[in-house]
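A.B. asks: I am attaching a structure below and will ask some questions about it afterwards.
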Amino acid sequence: MTVEVRPLADGEVRAAHTLFRASLHRGPMSDEQWETFVDSFEPGRTHGAFDGDRLVGTALAWSSDLRVPGGAVLPMAAVTRVGVRADFRRRGALRALMGVQLADVARRGEVFAGLHASEAGIYGRFGYGVATRSQRMAAKGARLRPGVPFGGSVRVVDAGDKVIFDLYAAVGRAGVGTIARPAAMWKNYERAWAIKENLVTAVHTGPGGDDGFVTWRPVESEGFEQHVLQVEDFVAADAGAAYALWDFLFSLDLVERVRVWQRPVDEALQAAVVDPRTVTVEGVEDDLWVRVVDVPAALAARAYRPGDPVVVEVLDPLLEANSGRYVIGPGGAERTGAEAAVAVDAEVLAMVYLGGWTWTALAAAGRVQVRDPDAPAALDRLFAVDRAPFTGTYY
Ligand SMILES: CC(=O)SCCNC(=O)CCNC(=O)[C@H](O)C(C)(C)COP(=O)(O)OP(=O)(O)OC[C@H]1O[C@@H](n2cnc3c(N)ncnc32)[C@H](O)[C@@H]1OP(=O)(O)O
């Protein structure tokens, strides 16, 4: 038995979406819901896996991009809606989908693929690694300390106001690890507005104009006096805008707790509040899983800090063109015939690429083959970044 994978025609996409929803134990969309969703597929980028003429699995991609250390922005396929029929699991449908999809991403000249994983055990085998992480936080009775630098004003905008679409592109992309949000990604907002979900958005205006926004769903916890604000989206151009939005959230009436599930791991909210115990870090979790699809292009595009050059061998049996040795130094990276000081697979390369993990830590964990014991520390000097990489866009 072989599974065949091909791009789906527009008329086949609804069946694929129903299959994907079933893989998450959800029922099909109503016609009304589908109306608001149908154009969230990029033509030619939804793949189907077939057993004969029966659709057994699906995966899609959107055209996005990724900011890398040094500031370059490189094309990235945002992969999502991956699912296989319950009665066809563990028969190679996902493997076939991943193979065809990654080849398609490479053919399109996209340097990366990126996804959010439902389970952490799935995607490493296909060369995806945890490139950015985020912290999940809850605040109860929190107040910012006097002296936390922020200002400006916050306004609540009407449901359906698309001001945040352009605002994200204008102010949300400064950090390493941030990605473009193609129109299809905003469909979740449009769908929530269309079916009148209680999704509230507030925008911060700083000295230079609008520079951040936060979106939340209020959930009643114990009576109307005690709501939990579940923050879904939190975008800020800088720390001043972020603290102004935190201050606004903390100040709202009839709120028992504010929960935010994705903030940068190096945001020091506990140090910015009067009582650090009013803010709980509930977990540090994988954010974006990245697959480096074009290793020479990716290595050449990011910036490196001063230090001695190091030769790294990349082992990538799935995308064999990436395999080989690269000399990496302050001036850039290129292929070399010289002997390698370390060797890594595609998953580990993705983990260190944006600076979210150090080479020394991954070497200590047995994830880097070390041939020269000085090499991991030398690579840490080259790959160092100022801020922890953070994506903060869930899709
Ligand atoms: C980006 C996103 O959309 S994330 C959402 C992913 N989808 C889901 O979680 C929905 C529920 N799950 C499913 O639909 C399926 O079980 C999938 C997509 C996770 C896997 O599909 P399958 O067709 O069963 O995978 P396939 O048979 O190709 O397995 C390939 C390999 O992955 C492994 N694998 C598959 N699923 C899992 C899992 N959940 N955890 C760990 N390993 C897994 C298999 O054991 C196999 O390993 P091997 O290469 O060492 O033999």
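A.B. asks: Compute the projected area of the convex hull of the Cα atoms of the stretch 1-96, averaged over all viewing directions, and report it in nm² to one decimal place.
C.D. replies: 7.6
A.B. asks: Please quote Rg/Rh for the stretch 245-348 to two decimal places, taking the Kirkwood radius as Rh and restricting both calculations to Cα atoms.
C.D. replies: Result for the stretch 245-348 is an Rg/Rh of 1.21.
A.B. asks: Let me ask something else about it. For the stretch 294-383, what class follows from the C-alpha gyration tensor (a ≥ b ≥ c being the square roots of its eigenvalues): rounded when a/c is under 1.5, otherwise prolate if a/b is larger than b/c, else oblate?
C.D. replies: In terms of gyration-tensor shape, rounded.
A.B. asks: Another one. Please work out the C-alpha center-to-center distance from the stretch 320-344 to the stretch 159-222 and express it in whole Å.
C.D. replies: Rounded to whole Å, the Cα centres lie 40 Å apart.
A.B. asks: Using +1 at the C-beta of Lys and Arg and -1 at the C-beta of Asp and Glu, which of Ala338, Ile328, Val111 has the Cα lying farthest in the positive direction of the dipole of the chain?
C.D. replies: So the residue we want is Ala338.
A.B. asks: Taking the Cα atoms of the chain alone, what are Rg (to one decimal) and Dmax (as a whole number) in Å?
C.D. replies: Reported Rg and Dmax, both Å: 22.3, 68.
A.B. asks: Among Ala378, Val13, Ala169, whose Cα lies farthest out toward the positive end of the dipole of the chain, if unit charges sit on the beta carbon of Lys, Arg (+1) and Asp, Glu (-1)?
C.D. replies: Ala378
A.B. asks: Classify the stretch 95-231 as rounded, prolate or oblate from the Cα gyration tensor: take a ≥ b ≥ c as the square roots of its eigenvalues, call it rounded if a/c is under 1.5, otherwise prolate when a/b beats b/c and oblate if not.
C.D. replies: prolate
A.B. asks: Which lysines have a Cα lying under 23 Å from the Cα of Lys187, excluding residues fewer than 8 positions away in the same chain?
C.D. replies: Lys162, Lys196
A.B. asks: Per the helix-only calculation at 222 nm, which mean residue ellipticity applies to the chain, given -39500 (n - 2.57) for every DSSP H run of n ≥ 4 and division by its residues, nearest 500 deg cm²/dmol?
C.D. replies: -6500 deg cm²/dmol
A.B. asks: Counting other C-beta atoms within 10 Å, which of Ile328, Ile122 has the fewest, and how do the rest follow?
C.D. replies: The order, fewest Cβ neighbours first, is Ile122, Ile328.
A.B. asks: What is the order of Arg291, Arg81, Arg14, fewest Cβ neighbours within 10 Å to most?
C.D. replies: Arg14, Arg81, Arg291
A.B. asks: Note down the net charge around Arg6, summing +1 for each Lys or Arg and -1 for each Asp or Glu among other residues with Cβ under 11 Å from its Cβ.
C.D. replies: -3
A.B. asks: Sorted from fewest to most neighbouring beta carbons within 10 Å, what does the list Asp51, Asp166 look like?
C.D. replies: With the sparsest Cβ surroundings first, the list reads Asp166, Asp51.
A.B. asks: In addition: Positive end of the dipole of the stretch 202-360, charges at C-beta (+1 Lys, Arg; -1 Asp, Glu), about the Cα centre: which of Gly283, Val203, Leu315 has its Cα farthest in that direction?
C.D. replies: Leu315
Read-outs throughout are calculated quantities, based only on the coordinates presented, and are distinct from any laboratory measurement. The structure presented is a predicted model; accordingly, all values stated were derived computationally and were not measured. Glycine also receives a Cβ, built like all others from the backbone with ideal geometry; neighbour counts cover every protein chain displayed.
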